[in-house]
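Read the structure below first, then the notes.
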Amino acid sequence: MHLSRVNLAIIYYSSTGTNYQLAQWAAEGAQQAGAEVKILKVPELAPDAAIDSNPAWRAHVDATQHIPVATKDDIIQADAIIFSTPTRFGNVASQMKQFIDTVGGIWFQGQTVNKVVSAMTSAQNSHGGQEATILSLYTSMYHWGAIVVAPGYTDQVLYAAGGNPYGTSVTVDQDGKMIEDVKDAVIHQAKRVVTVAAWLKRGQQNSI
């Protein structure tokens, strides 16, 4: 394997599948850019009774049993991380927040420093807190010493996806269908993350 090849972890939480789909598109873009990619989910905190009350939630949980659960080692091994989480009252889902809270040990040891990170999100309406959610997650990343790579307005595909410069966000209707066409924006965001991570990795190797 080439020394500068980027190891990307795509870490998501999804109850009914939207953010899992975003993660899959991100993996597609990252692989096109030459990265080694892992798609990982954070642990589910909701009780079975809550999951069973929503058939779509139960179906998604059952359909993604094969997806590995993210660990601290996945953070340590990754050169770059893309997070994808639903919006919960303008903040990340509790499942994602709980996972981030568990990495205090490796943060203390400096093992989150210089990870290239980016984020995506979803909500049920276009002003449901998507930007606030991504910015809230990035606040944690600044504490990590990570390097945030947002999409900005670096490609025209971002405008077709709603034009969120902080990270791809999508609105989901009551039937769970995405309103905006964000696939190309997600792929572009992932490629940008991998490109910047590769620059950083090569720079670090050349300085040794």
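Numbers for the structure displayed
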| read-out | value |
| --- | --- |
| Cross-link reach list, lysines versus LYS201, counting only Cα pairs under 30 Å and skipping chain neighbours closer than eight places | LYS38, LYS41, LYS72, LYS97, LYS115, LYS183, LYS191 |
| Sparse-neighbour loop sites [trypsin sites (Lys or Arg not before Pro); the stretch 1-43; at most 16 other C-beta within 10 Å; DSSP] | ARG5 |
| Cβ-defined net charge surrounding VAL194, 14 Å radius [Lys, Arg +1; Asp, Glu -1] | +4 |
| Label-point separation in nm, ASP52 to GLN77, each point 7 Å along Cα→Cβ | 3.5 |
| Gyration tensor (alpha-carbon) shape descriptor, the stretch 98-164, a/c threshold 1.5 | oblate |
| Peptides ranked, highest mean first, by Cβ atoms within 10 Å: ranges 84-92, 7-15 | 7-15, 84-92 |
| Of all accessible heavy-atom area on the chain, the percent that carbon and sulfur account for (1.4 Å) | 53 |
| Protection proxy ranking of 22-30, 150-158 - average other beta-carbon atoms within 10 Å, highest first | 22-30, 150-158 |
| Label point distance in nm, GLU36-GLN204, each placed 7 Å from Cα along Cα→Cβ | 1.4 |
| Packing rank of 65-75, 182-192, where each peptide gets the mean count of other beta carbons within 10 Å, highest leading | 182-192, 65-75 |
| Distance cut-off 18 Å, percentage of C-alpha pairs in the stretch 7-70 lying past it | 37 |
| Histogram of C-alpha separations across the stretch 94-208, 10 Å bin width, % | 13, 38, 33, 14, 2, 0 |
| At least 30 Å along the helix axis (C-alpha) and Kyte average at least -0.5, DSSP helices within the chain | 183-206 |
| Accessible area expressed per residue, the chain, with surrounding protein chains retained (probe 1.4 Å, Å²) | 48 |
| Radius of gyration and Dmax over the Cα atoms of the stretch 17-164, both given in Å | 15.5, 44 |
| Counting all C-alpha pairs of the stretch 75-119, share separated by more than 14 Å (%) | 55 |
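The values are calculated or read from the model by the stated rules, or taken from the named source; none is laboratory data. Worth saying up front: this structure is predicted, and the values here are computed from it rather than measured. Every residue, glycine as well, gets a Cβ built from its backbone with ideal geometry; the counts of neighbours run over all protein chains shown. Heavy atoms of the whole protein, side chains included, go into the accessibility calculation; ligands, DNA and RNA do not. Shrake-Rupley method; radii C 1.70, N 1.55, O 1.52, S 1.80 Å.
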